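A short write-up of the structure that comes next.
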Amino acid sequence: MNEHTTPPTSAQRHPRALFGRMQIYAQNHPRGYAVRAVFIGFPLLMLPPLVLCAVLIGEWSLLWPMLLGALVPLVIMGAVLIAFMPWFVRRMVGTSTLPPETDPLDLLEAKRQLRRGGLHESDEVNRIARIVAAQAEFKINSPRTLLVFGSIGSVSLAGLALLTYLSQGAGFDFWFRLFLAVLLMVYCLGFLPWVKRYRQRARDFASLYDAHRQERRWAV
């Protein structure tokens, strides 16, 4: 297991290590990952709000009609997700895919190394960090893409807020949607500097790693 002969259980159960295991699987089996996300994630996301609505209304008999009403859009969304997940993953990582045998602990350490800067003492961690650095360069991960999606989402929510105001006045729905629009834009603008720093650190690491490999070739 690379340089981790017997990794501690706490490290294996670290949330980011578990997320890394999911990330590795998603990059190598995007459609299988989408199927699991649909059949596991969708029920976990949808059932609690529907049950809460039934509790607040006080009519448990409405739970099944609400479930059936939510089933059609969920099936459509799930089919779209499964169909387009391979394309989305390719746009996210390009040709720089993490190998399926990648150790999630090494991936976790590689991401830490990108933030710290410099090379790690482990060649395997450096190799994985170089792949992650290459993935950071793709357009869909760029600050411009983040700003575009954030602007579209904010404008859409602001438009819904305006329609709500014109039809219902300045009620709770209007202020809630306006709050979401402002929150999304503030989040994107606040996240933008972090994305720029991360991409710059990824470029710096890639240059350092490539130069180090070139020096090793010349030394041989």
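Bear in mind that the values in this text are calculations on the coordinates, not laboratory data. These numbers were taken from a predicted model, which means no experiment stands behind them. Note that each Cβ is placed from the backbone with ideal geometry, even for glycine, and that neighbours are counted across all protein chains shown.
A Förster radius of 25 Å combined with the Cβ-Cβ distance from Arg199 to Met22 puts the calculated FRET efficiency at roughly 0.65. With θ taken as phi - 60° and the Karplus curve 6.51 cos²θ - 1.76 cosθ + 1.60 applied, the whole-hertz 3J(HN,Hα) list for the stretch 167-180 is 8, 10, x, 7, x, 4, 4, 4, 5, 5, 5, 5, 4, 5 Hz, x standing for glycine and proline. In this structure, Leu183 and His29 have a Cβ-Cβ separation that, at R0 = 25 Å, corresponds to a calculated FRET efficiency of about 0.15. Net charge dipole, the stretch 164-220: roughly 360 debye, given to the nearest 20, about the Cα centre with Cβ charges of +1 for Lys and Arg and -1 for Asp and Glu. 3J(HN,Hα) couplings calculated from phi for the stretch 155-164 with the Karplus curve 6.51 cos²θ - 1.76 cosθ + 1.60 (θ = phi - 60°) are, in sequence order, 5, 5, 5, 5, x, 5, 4, 5, 4, 5 Hz; Gly and Pro show x.
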